[in-house]
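Heads up, the thing below is written out as structure tokens.
The values are calculated or read from the model by the stated rules, or taken from the named source; none is laboratory data. Please read all numbers here as calculations on a predicted model, not as lab measurements. Because the Cβ atoms are built from the backbone with ideal geometry, glycine has one as well, and the counts that use them run over all protein chains shown. Accessible surface areas use protein heavy atoms only, side chains included; no ligands, DNA or RNA. Shrake-Rupley method; radii C 1.70, N 1.55, O 1.52, S 1.80 Å.
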Amino acid sequence: MSASDATLLKVEGLTKDFGGLRAVDHCSFEVPRGSIFGLIGPNGSGKTTVFNLVTGFLEPTEGRVFFNGHDITGLRPYQIARYGIARTFQLVRTFNRMTVMENLLLGVPHQPGENLLWGVLRTPHVRRQERQAIERARELLAIVGLEHAANEYCGNLSYAEQKMVELTRALMSDPQLVMLDEPTSGINPTLVNRILDYIRHLRGKQGKTFLVVEHDMRVIMNLCDRIAVLDYGQKIAEGTPAEICANAAVIDAYLGTCAP
Ligand SMILES: Nc1ncnc2c1ncn2[C@@H]1O[C@H](COP(=O)(O)OP(=O)(O)O)[C@@H](O)[C@H]1O
Ligand SMILES: [Mg+2]
């Protein structure tokens with residue numbers, strides 16, 4: 001396998017200025033296909049900004065983003081989604097007055113229903129696509145143990161369950177890369193394990209690649225194959241969890257809070 005085949009996402013010299021503040025500073029890393037790659041760093045170190053740059057919610061000041069060898073720098077979020085990148089947000093963004101199933105169906109790209117004429121005619125083709133999307137949603141809900149909640153309003157679910165719905169919605173488009181911004185923040189330890197199991201399952205069984213931002217060092221050390229550490233927008237270290245744990249600069253930035 002050549003280097004480019006092994007790499008799914010490549011970020012090169014990525015830089016973002018907000019006025020006089022450099023939030024991301026010449027950051028480069030490569031996410032291997034089929035891996036779980038962690039992005040960590042203290043609050044305000046630029047993690048969410050990197051996510052927004054990769055997914056097209058922000059335009060970089062400098063630098064490039066490559067996905068599957070394609071230069072996707074500066075494309076719009078919907079265009080990047082079509083390449084096969086899905087994301088969740090640091091704060092849950094589910095629609096509380098819609099059911100879980102309705103939230104999930106929003107995650108399906110190119111819905112024929114988006115075209116008014118096809119939607120009105122409800123051809124067999126349209127109905128078949130709808131059925132397939134519902135089936136996929138049910139399968140994913142079963143994996144997270146939320147199949148009973150399909151017809152519940154999202155607003156009636158716990159915060160952890162809403163996060164699970166958001167993660168599941170990101171998977172509805174069958175993306176190659178799933179980007180999760182703090183998937184376990186604000187969630188109790190039992191449910192954290194359920195989310196981690198879900199991520200591992202999707203990597204193992206469906207070959208998905210993950211880029212995960214997390215604040216909780218224990219979570220990241222248990223979950224990731226490789227980790228990059230940001231501090232003031234710069235990458236100060238990259239390596240396996242063991243290497244990161246032993247890295248003096250990381251321990252400095254985190255004031256020594258490395259989990260066993
Ligand atoms: N839209 C924005 N406008 C101005 N400053 C921003 C914006 N988004 C983020 N920042 C600043 O950029 C820095 C990095 O923020 P962020 O990427 O959210 O960090 P993290 O996710 O690591 O906590 C912070 O200093 C933050 O205040
Ligand atoms: Mg953030």
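Some points to look at:
- Rounded tilt (10° steps) of 189-206 against the dominant C-alpha axis of the chain: 80 degrees
- Partners for K235 among lysines (Cα-Cα distance below 27 Å; same-chain residues under 8 apart left out): K10, K16, K47, K208
- Karplus-based coupling profile of the range 249-254, in residue order and whole Hz: 5, 5, 4, 4, 4, 9, with θ = phi - 60° in 6.51 cos²θ - 1.76 cosθ + 1.60 and x standing for Gly or Pro.
- Shape call, the range 61-217: gyration tensor on alpha carbons, a/c limit 1.5: oblate
- Candidate residues D252, D5: accessible-area rank, largest first, probe 1.4 Å: D252, D5
- Tilt relative to the chain, helix 124-143 - C-alpha long axis, 0 to 90 degrees, to 10: 50 degrees
- Beta bridges by DSSP in the chain, antiparallel share as percent, to the nearest 5: 55 percent
- When nucleic acids and ligands are ignored and a 1.4 Å probe is applied, R76 ends up with an accessible area of around 140 Å².
- Whole-Å distance, taken between Cα centres, linking the range 146-209 and the range 1-66: 23 Å
- Proximity of backbone amide H atoms, modeled 1.01 Å from N, is registered between T7 and R33 at under 5 Å, excluding neighbours fewer than 5 places apart on the same chain.
- Between helix 159-171 and the chain there is an angle of about 80 degrees, using the helix long axis and the longest principal axis of the Cα atoms.
- Going by accessible surface with a 1.4 Å probe and the largest first, Y198, Y159, Y254 read Y159, Y254, Y198.
- Binned Cα-Cα distances of the range 31-115, short to long, each 5 Å bin given as a whole percent: 3, 11, 18, 21, 20, 15, 9, 3, 1
- Length-normalised contact order of the chain in % [C-alpha pairs under 8 Å, at least 6 apart]: 27 percent
- Assuming charge only on the beta carbon of Lys and Arg (+1) and of Asp and Glu (-1), the dipole of the chain about its Cα centre is about 760 debye to the nearest 20.
- Its Cα gyration tensor gives the range 9-57 an equivalent ellipsoid, and the semi-axes of that ellipsoid, as √(5λ) in whole Å with the largest first, are 20, 12, 9.
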